[in-house]
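In what follows, a single structure is set out as C-alpha cells and then discussed.
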Amino acid sequence: MSEYAKLATAAGDQYLSALADAQETFLKSIEPVIETMGKVPAMPAPAFAIDVPTPQEISEANFAFANKWLKQQKKFADRLFATPAPTSTSSTTSSTTKAKPKTQS
C-alpha cells in the first residue's frame, strides 16, 4: 500500500469516527423530544397524505441509488486507470525541439 493510500485511509477513518460520534450525540440530544412526541395522542393522517412515502422509504430509496451510483463510478474509475497510457515519445520530442529562426540575407 502506498503512503498516500495509508494517509487517505487513516484520514477517512478518523473522519468517519468523528462523524459517528457527532451522530450519536445528536440522537441522544433528541431523545427528550421523541419521548414528548410519544405522549401526544395519535391523529389520523389526512387523506392527501395517504400515498406520501415515509421518511424510512425515502431514505432507503436514496441510499439504494447512492450505492448503485458509487459502484458505477468505481467501475468507471477502475477501467479508466487500467487503460495503458500512450508510450510514444515522438510527440514529446517534437514539441520540445525548437526550430531555429531563419536568418535574413
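The values are calculated or read from the model by the stated rules, or taken from the named source; none is laboratory data. Predicted, not measured: the structure shown is a model, and the values here were computed from it. A quick note on method: Cβ atoms are made from the backbone with ideal geometry, for glycine too, and the neighbour counts reach across all protein chains shown.
Details
- Failed item in (1) in a helix (DSSP H, G or I); (2) modelled with pLDDT under 95; (3) hydrophobic (A, V, I, L, M, F, W, C), with Leu19 passing the rest: (2)
- Residue match in the range 30-40 (condition: part of a helix (DSSP H, G or I) and under 21 Å from the mean Cα position of the chain (by Cα)): no
- Search result, residues across the range 45-85 that are surrounded by 10 or more Cβ atoms within 10 Å (Cβ to Cβ), of a type in the set (A, V, I, L, M) and assigned to a helix (DSSP H, G or I): Ile58, Ala61, Ala64, Ala66, Leu70, Ala77
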